[in-house]
Each structure stands twice: as C-alpha cells, then as structure tokens.
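Before any comments, here is the structure.
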Amino acid sequence: MTKKSDETRRYILEKVAPVFNKQGFMGTSMKVITDTVGLTKGAIYGNFKDKEELATEAFNYNIRMIMSQVAARVKTEQSPLNQLFAITDFYRNYLDFTNSNGGCPILNIGVDANNQNERLLSRVKYVIQKLEKSMADIILCGIQCGEMKAGVDAEKYSKRLFTMIQGSIFMTLTLEDKNYVVDMMDHIDAMIVSELKVF
C-alpha cells in the first residue's frame, strides 16, 4: 500500500472505530459509516474488502489504543508484583478512558459478535487469550524471581484475574458507577498480596 492509502485507511478507522464499538456490527449500517467518514462507499471498499474486515480492523484499532496504555504503565515497573498493581491501577480509571470511545471493546464486540459474527468473535477470543497469557507471564516471572509463591498456577490465576476485571468493568459501564471497578481492583490488589506475594 502507498503512504496515501495507509493514511486513508487510518483516517477511516479513527472515524469508524468508536461507531462500531458503540453500535456493533449489525447496528452500523454503510450509510452510518459513509456519513461518519465523509467518503463514498466505493472509497471505503477501496481500502477494506468488506464491512466485516472494516469492523475487525476497527476492533483491532480500539484494542491497540487501550493495550498501548496498559503496556506503557506495566513497562514503568521492574517488579512483577508492581506490574500487576500497574494493571489494576489502569483499570481503576478505565471508565474515564473508554467513555469517549463507547466503552470496553472486548465486552461490546464480544457480546455483539456472539452467535452473530464468527470472525469478530474469534478475534475477541484471541485478544482475551493474549491478555490472559500476558498476566500469566508476569506471574511466572514473579515466581521465577522469588517474588511470588512457587505453587501458584499462573494460567488459572490469570484467567481468574481477567474475569474479575472484566466483570467489574461490565458493572461499572452498565450502571455508570466507577465504584464497582475501583472496589474490585482494591480486592484484586489485596488478593495479590495475600495469595501471590512471598513474605
């Protein structure tokens, strides 16, 4: 692709990513897309094979925006324990971060795509598994350096943490009450100290 077409693709994604996140695949018509972007249907399909590819790339765009923020916070910490705390600290302010973009893309697109769009759903599953693996890797690193208890099942624990984070995000976004996620992040922090940390 030429630089110009890369720029056009990026422009389209910047415009439609929040729309797909709020309205879902079925709820986002081509008219909504063309009105939002200010380009013709032909111009959009000149950059994306079809609406499904556009929706998938919009989901990827939304995920990259969030995960780059999480990764930046985690990278500031050397200690695996503090890296886990950096993750919970990020999610304490998740509502503020995602509100302008229509909420959590994992929840929104995961629910929207379930039983409706296998390609999008498989992408959401891939992202979830990747995020769980990232947390499991942090825990394994903590075990190896002696910061975390040796008997911990890192994969199981990371799934538990991710489930608790996503559940609290769902409650916070649905009820527009930050206390759900803040309270859960405090609970997870206490759990990390009592169940993972070597004293």
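Structural remarks
- Vicinal HN-Hα couplings computed from phi for region 67-78 (Karplus, 6.51 cos²θ - 1.76 cosθ + 1.60; Hz; Gly/Pro x): 5, 5, 5, 4, 4, 4, 5, 4, 5, 6, 10, 8
- Of the residues N82, N108, M135, the one whose Cα sits farthest towards the positive end of the charge dipole of the chain is N108 (charges of +1 on Lys and Arg Cβ, -1 on Asp and Glu Cβ, taken about the Cα centre).
- A 1.4 Å probe, protein heavy atoms only, puts the accessible area of M65 near 70 Å².
- Amide H within-cut-off set for M148, under 5 Å, with H built and near neighbours excluded: I143, V198
- Qualifying aspartates and glutamates (Cα of each under 19 Å from Cα of K3; at least 8 residues distant if same chain): E14, E57
- Between A190 and K130, the FRET efficiency from the beta-carbon distance, with R0 = 35 Å, is close to 0.85.
- Two-decimal ratio, the chain, of alpha-carbon radius of gyration to 2.2 N^0.38 Å: 1.14
- Probe 1.4 Å - accessible area at Y126, Å² to nearest ten: 110 Å²
- Test item: Cα-centred dipole of region 140-197, Lys/Arg +1 and Asp/Glu -1 on Cβ, debye: 220 debye
- FRET efficiency estimate (nearest 0.05) - Cβ-Cβ, E7 to V152, R0 41 angstrom: 0.30
- Within the straight-line cut-off of under 19 Å between alpha carbons, the lysines reachable from K159 are K125, K130, K133, K149, K197, sequence neighbours fewer than 8 places apart in one chain being disregarded.
- Accessible surface of the chain, 1.4 Å probe, proportion on carbon and sulfur as whole %: 53 percent
- Computed over region 3-196: relative contact order in percent, which uses C-alpha pairs under 8 Å that are six or more apart: 22 percent
- With all protein chains kept in place, the per residue accessible area of the chain amounts to 53 square angstrom at a probe of 1.4 angstrom.
The values are calculated or read from the model by the stated rules, or taken from the named source; none is laboratory data. All figures in this text were calculated on a predicted structure; none of them were measured in a lab. Using ideal geometry, Cβ is built from the backbone for each residue, glycine included, and neighbour counts are taken over all protein chains shown. Areas reflect the complete protein model, heavy atoms only, side chains present, ligands, DNA and RNA absent. Shrake-Rupley method; radii C 1.70, N 1.55, O 1.52, S 1.80 Å.
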